[in-house]
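I have placed the structure first, in the form of structure tokens, so that the comments after it can refer back to it.
The values are calculated or read from the model by the stated rules, or taken from the named source; none is laboratory data. Quick caveat, the model's predicted, so the values are computed rather than measured. Note that each Cβ is placed from the backbone with ideal geometry, even for glycine, and that neighbours are counted across all protein chains shown.
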Amino acid sequence: MAANVEDVTAADGARDETRLLALARDGDEGAFGELAGAYRAELRAHCYRIIGSVADAEDALQEGLLRAWRGLHGFEGRGSARSWMYAIVTNAALDLTRNRWRRELPVSFGPSASPGTDVGAPLTEQPWLDPYPDHWLADNTRLSPEARYEQRESVELAFMVALQHLPPLQRTVLLLREVVGFSTAEIAEQLATTPQAVNSALQRARGALRNRLPATSQQSALRTLGDQRTRELVERYADAIEHGDADTLISMLTDDASWSMPPVPTYFRGHDAVRQFLVSSPLNYRWKHVPVRANGQLAVGCYLLDQARDAFIPAVLDVLTLDGTKIAAVTGFLAAAVSSELPPPGDPEVNGHDVPEASARGTWISGPQLFSRFGLPDELPREGDAPQAVGKSPGGATESDGGHEKFARR
């Protein structure tokens, strides 16, 4: 019975797609929008996997859909509309990767800092990897629960960082074959190449990734933990930060856990280094937290008390990487409100890596803009009074003017 229902649903969908295509060819923009809308969520995620940037993925998707609309009469219907749209959007994404630096996270950018090291200047134009909202993946209701599991697994931070070490063509072939599920023949047609070239690129990509991926995915770790223990872990993490409890926070980390804060290249590894960083600055401030999911992983929206606004404002999105029941990495994506408090950059060489001179300046994403992607509010109400003091910004930099501090301390 279930198979029959699925067959009927698929047939109905094919008929509806044929109708929309016919209307779109006649100039009906609404029909094309409806047709493309069925694939928008998965196409956007596909662009993100190729590029590593949410904004660039949006640009590639829009450019690809525009090309599809303009080239609609060239679609002969030999394959599915989905495969045709993937071909166009994929090539738009590949065009954006030309002459671009690969996207990094601080832990793959250079060595960790020694205990007590001051946090360095933010590199706001360095192409850092962006976090991706889980609910954008969940919007793809066409996928089965098993397929959604795999979709989340394919945006986990470790997988995204590993992808960035592949040449764009190898990266794209791997994604089209192993994440999207197209055949070698379909991929060859989409990329205007041969099946032999596709198989060669796929073999090289698989070999390159083999030693870069962890033994266990975050999806597996979360399934093993279960919903109840997952909630408890997030609550304990948020509570420890809000109460300035370094002992509890450190006890939740693996021995070699890392703590990084893009766009800051400085990161810390190991209990001693992480503890010294936390007690020197972040744990001295007043925080509120809201749990969320990013890149198929546990995440927490972190809000700082802004004294001028008398409210908690978006500051950091912490994405947690688990190893069993402990946290192996905290990747805290800083918003502009925090990164702008850090010292100005100096030498364009950081941790032995030359970076573009433009990385020393430029803008960074605002807290409301970052948090809105995850459905998080752009402000949380203040409760009680907070003392005012002058010290270091939450990112670890000392205030240079000696005057009023932006964020309230505990």
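For this structure, a couple of remarks:
- Tally, over the stretch 86-104, of residues that are assigned to a loop (DSSP other than H, G, I, E, B) and within 21 Å of the chain's Cα centre (by Cα): 5
- The residues listed here are 81, 68; of these, the one that is crowded, with 22+ Cβ neighbours inside 10 Å, more than 23 Å from the chain's Cα centre (by Cα), over 23 Å from residue 333 (Cβ atoms) and not assigned by TED's automatic domain parsing to the domain that holds residue 159 is 68.
- Residues satisfying the stated conditions in the stretch 111-125, i.e. over 24 Å from residue 337 (Cα atoms) and buried (at least 16 other Cβ atoms within 10 Å of the Cβ): 112
- Any hit, the stretch 196-211, residues being surrounded by fewer than 19 Cβ atoms within 10 Å (Cβ to Cβ), in contact with a strand residue (DSSP E or B) (Cβ under 9 Å, 6 or more places away or on another chain) and within 21 Å of residue 322 (Cα to Cα): no
- So residue 57, is it hydrophobic (A, V, I, L, M, F, W, C), outside the structural domain of residue 159 (by TED's automatic domain parsing) and modelled with pLDDT of 95 or more: yes
- Count - residues of the stretch 185-232 that are within 21 Å of the chain's Cα centre (by Cα) and among the β-branched types (Val, Ile, Thr): 2
- Residues of the stretch 278-286 include at least one that is surrounded by fewer than 20 Cβ atoms within 10 Å (Cβ to Cβ) and in contact with a helix residue (DSSP H, G or I) (Cβ under 8 Å, 6 or more places away or on another chain).
- Restricting the stretch 142-160 to residues that are among the hydrophobic types (A, V, I, L, M, F, W, C) and modelled with pLDDT of 95 or more, the residue that is surrounded by the most Cβ atoms within 10 Å (Cβ to Cβ): 155
- Residue among 107, 119 that alone is assigned to a loop (DSSP other than H, G, I, E, B) and farther than 17 Å from residue 182 by Cβ: 119
- Screening residue 88 on (1) in the same structural domain as residue 267 (by TED's automatic domain parsing); (2) more than 16 Å from residue 365 (Cβ to Cβ); (3) at pLDDT 95 or above shows it passes everything except condition (1).
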